[in-house]
Amino acid sequence: MPKLSHMQSSSGLSRHARFKILSENISVLIEEEGLLVRPYGHTTLPYFNLLTAEEQEQVLKDILVYFQVCTDVKSQNGSLKDTRLFTEKAIHRLGVSVDPFILEQIHPHHLIEIYTQAHTQIFRSLRFFEVCSYSLEDLYCRKWYHLYQRTTQDQENLEADIGKYYSQNPLKTLQATAPEHTIRALGALERDEIITQIFWLSPLQSLTKGDSYILTVATSRLP
């Protein structure tokens, strides 16, 4: 497998090649933790190829950050299974401030996700891959509503929590109220139902730019 250092030293590599190298390297790091994650479904990268050049560059930026977070953990002999450490490394890599309270709520069984203001998932803790059978290409290149579906009521409950969160000024950590529910993974070959519950929504504010993110603390399990 090509090493990432080769990619960084060669500006001549195509976006297609850069995505393959990054996704393959992430898959190897996760496999070292005992989980199998496919970098892509087909070597032609059909979903990546559907994106515009600008969208592809954003995907490459996002997946590079995730790779860097993984290596940040590994460089200090840590495990990606250490949910809090993995999350703290993501927060540091993103250069954002965090509510100290939310870090105290993170336990090993939790699934942590970080989303941009555009609702793009840029970080997920290792537990995510215990309940997900999608490839990294799926996760980075396809719309979330093409991958997962909730019932109308469950979606309304979630949107109510998100609405409460964004109605705050300034934004602060919010305890979610939506009950545990089932998400369907559309077209997944396996693990097509996930039982999940979000407990906390918490803001992450960039220390140097105007960017802001939302961190969620949840549990997810298979039926």
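Bear in mind that the values in this text are calculations on the coordinates, not laboratory data. Keep in mind the model is a prediction, meaning the values are calculated, not measured. Because the Cβ atoms are built from the backbone with ideal geometry, glycine has one as well, and the counts that use them run over all protein chains shown.
Could you point to the residue in 114, 22, 78 farthest towards the positive end of the stretch 1-142's charge dipole, with +1 and -1 charges on the Cβ of Lys/Arg and Asp/Glu respectively?
22
Tell me which residues come under 5 Å, amide H to amide H, from residue 200 once H is placed; ignore anything under 5 positions away on its chain.
Residues meeting the criterion, in which the H sits 1.01 Å from N, are 176, 217.
How charged is the neighbourhood of residue 72? Take every other residue with its Cβ under 9 Å from the Cβ of residue 72, and add Lys/Arg as +1 and Asp/Glu as -1.
Computed value for this residue: +3.
Which whole-number percentage describes the relative contact order of the chain, with Cα contacts under 8 Å and a sequence gap of 6 or more?
Once normalised by length, the contact order is 20 percent.
Got a sec? Which residues in the stretch 179-194 would a label at residue 121 touch, if it sits 7 Å along Cα→Cβ and we count backbone N under 16 Å?
In the stretch 179-194, the label zone of residue 121 (backbone N under 16 Å from the point 7 Å along Cα→Cβ) covers 181-194.
Each residue of the stretch 107-113 in turn: what ³J(HN,Hα) in whole Hz from Karplus with 6.51, -1.76, 1.60 and θ = phi - 60°, glycine and Pro shown as x?
10, x, 7, 7, 10, 10, 10
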